[in-house]
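Okay, structure first, notes after.
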Amino acid sequence: MGLMSGTSLDGVDAALVAIADPHAVELLAFHQHPFAPDDRAAMLRVITEGNVRDIALLHAILGEVFGRAAHAVIEQHGVSRSDVSFVACHGQTVWHEPGRATLQLGNPAVIAELLGIRVVSDFRSRDVAAGGQGAPLVPVADVMLFGRSEGGRVLLNVGGMANFTWVPQRGASRGVVACDTGPGVAVIDAVTRLVDPTARFDEDGVRARRGTAVKEVIDELLTHPWFRQPPPKSTGRELFGEVYARELVAAVRDAKPRATDDDCVATATQLTVESIVRHLVEWVPADRGADLVISGGGARNPTLLAALQSRSALPARLFDDVFFDGDAKEAVAFAYLGWLTLHGRTGNVPAATGASGPRVLGTITPAGPNET
C-alpha cells in the first residue's frame, strides 16, 4: 500500500499494488481520500505560522487520516489486512528546505496501530542527511517502472509543484535528469481561492480559459533566481505558496489596472506552463524518439494540459493512456519505494537529488495489534 499527500493539500491518494519484481508493479485498487476542511485549514496554518503544539497535534491527526485512507482501500478491494505486507506513507510535507531539512507529518505509529500493518515512512530524511535535496524521489520509479525499453521518455508530474524525470532507458539511472520546475497547481489553486473564496480550484480550467495572461508579469516572475538554478533542485509552498499567490495577484492588477479575476488565474496557469517548458527545453537532451507522459492534478485541467501539449516539442500523452490512472502514480511510486526499503535496496537517484551517493531510504515501524 502506498499513501501520498502532496503540496496541493487535496487529500490522501492510497494505492494497493502487487509488486512481483523490481520492474513490475500492478495497481489493484486506488482511493482518493479528501481532507476535511478543518484538517486542510490546520495544515495551512502549521505551514505558515504553526507552533510546536500545532505540529505535534497535526502529526497525530494526520496519522489517523492516513490510516483511514488505507483502510478504505483494503475494504474496497476485499482483501484481508494480513495479506497487506506493508504500508508506505510519504506523509504530508509541512516544511521543505532543500539540502537542510524536510518535515513530513502523519505519525506512522498511529497508522500501524490502526491497521495492524508495518509502516515504512520518512523517506526524504536520509537523502537530505547524505547532502541531497530529499526530492524528487519518484525518479527511481520513473526509471525502473515507467521508462521505455528503447528510446527516451520524459515523465512530467504536475501536482502542487511540478517536476520531471528524463529517463534515457528503462532500468538504467545513467544519464537521468530530474528536478522540480516550480509551481504546478498550488499557485493556480491559491490564486483561484483569492479571487473566489467559494472555489477550491479552477475547475476544468474555466477561469484560465476565459482570462488573458499578463505576459510581463510572467516574465518578471520567471527572473526569480530559483528558476535559473540548474538541477538538482526542489521546492515547495515555502516559496510557491499563499504569499506568492497574493504577490502574483497584486502584480497582475498593477500591470493591468482593469485586470479581471480570470486574468489573474490565467496568469498563474501560464506561469506554470512557461516554467515547465523552459526547464524541459534547457535540461532534456535532444532525442527524436522520445515522448512526454503527463500525470498529476494539472493533467485534469484541460486549459493547462492543452497549453503544455501545444508547447511541447515531444509527442505528449496522459499517463492514464500509457499505464494506469495517473492520479495513482505517486502513491504507487511510494509503495515501490517502501518495497525497496524492505528489501535493502537504494531508493534515491543521486543525479536527481544531489545526494553524495545511493541510499536505502525510510524508517520501518512494526505492525500494531490489528485493530481499526
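The values are calculated or read from the model by the stated rules, or taken from the named source; none is laboratory data. Everything numeric here is computed off the predicted structure, so don't read it as measured data. Here Cβ is always computed from backbone atoms with ideal geometry, including for glycine, and neighbour counts include all displayed protein chains. Calculation scope for accessible area: heavy atoms of the full protein, side chains included, ligands and nucleic acids excluded. Shrake-Rupley method; radii C 1.70, N 1.55, O 1.52, S 1.80 Å.
Do we have Leu342 as within 26 Å of His31 (Cα to Cα) and either open to solvent by 50 Å² or more (accessible area, probe 1.4 Å) or more than 19 Å from the chain's Cα centre (by Cα) (or both) here? Taking the combined requirement at face value, the residue satisfies it.
Is it the case that some residue within the range 178-191 is surrounded by fewer than 20 Cβ atoms within 10 Å (Cβ to Cβ) and more than 18 Å from the chain's Cα centre (by Cα)? No, every residue in the range 178-191 fails to be surrounded by fewer than 20 Cβ atoms within 10 Å (Cβ to Cβ) and more than 18 Å from the chain's Cα centre (by Cα). Residue count for the range 323-345 satisfying the condition of being touching a residue at least 40 places away in the same chain (Cβ under 8 Å) and under 25 Å from Pro231 (Cβ atoms): 12. Scanning the range 155-174 for residues that are of a type outside the set (Lys, Arg) and without any contact (Cβ under 8 Å) to a residue 40 or more places away in the chain turns up Val167, Gln169, Ala172.
If you check Arg153 against the conditions, is it open to solvent by 20 Å² or more (accessible area, probe 1.4 Å) and either closer than 22 Å to Lys329 by Cα or of a type outside the set (Gly, Ala, Ser) (or both)? Criteria not met by Arg153.
Determine whether Val128 is modelled with pLDDT of 95 or more, under 22 Å from Thr165 (Cα atoms) and hydrophobic (A, V, I, L, M, F, W, C). Outline the logic, then answer.
Working: modelled with pLDDT of 95 or more: yes; under 22 Å from Thr165 (Cα atoms): yes; hydrophobic (A, V, I, L, M, F, W, C): yes.
Answer is yes for this residue.
Total residues in the range 118-137 satisfying the condition of being among the β-branched types (Val, Ile, Thr) and open to solvent by 10 Å² or more (accessible area, probe 1.4 Å): the figure is 1.
Whether any residue in the range 199-215 is under 30 Å from Ala351 (Cα atoms) and in contact with a Gly (Cβ under 9 Å, 6 or more places away or on another chain) is what I want to check. No, because not a single residue in the range 199-215 is under 30 Å from Ala351 (Cα atoms) and in contact with a Gly (Cβ under 9 Å, 6 or more places away or on another chain). For the range 286-299, a residue qualifies if it is touching a Leu at 6+ places or on another chain (Cβ under 7 Å) and either surrounded by fewer than 17 Cβ atoms within 10 Å (Cβ to Cβ) or among the acidic types (Asp, Glu) (or both), and exactly one does: Asp291. For the range 350-367, a tally of residues being open to solvent by 20 Å² or more (accessible area, probe 1.4 Å) and not in a helix (DSSP H, G or I) returns 11.
Would you point out the residue of the range 84-102, among those that are modelled with pLDDT of 95 or more and of a type outside the set (S, T, N, Q), that is farthest from the chain's Cα centre (by Cα)? The selected residue is Val84. Return yes or no: is Arg317 among the basic types (Lys, Arg), closer than 24 Å to Trp283 by Cβ and either surrounded by 17 or more Cβ atoms within 10 Å (Cβ to Cβ) or touching a His at 6+ places or on another chain (Cβ under 6 Å) (or both)? Answer is no for this residue. In the set (1) in contact with a strand residue (DSSP E or B) (Cβ under 9 Å, 6 or more places away or on another chain); (2) outside any helix (DSSP H, G or I), the condition left unmet by Gly347 is number (1). Of all residues assigned to the range 134-154, at least one qualifies as being in a helix (DSSP H, G or I), under 27 Å from Ile19 (Cα atoms), among the β-branched types (Val, Ile, Thr) and in contact (Cβ under 8 Å) with a residue 24 or more places away in the chain.
Looking only at the range 286-310, residues that are part of a helix (DSSP H, G or I) and over 18 Å from Ala186 (Cα atoms) come to 3 in all.
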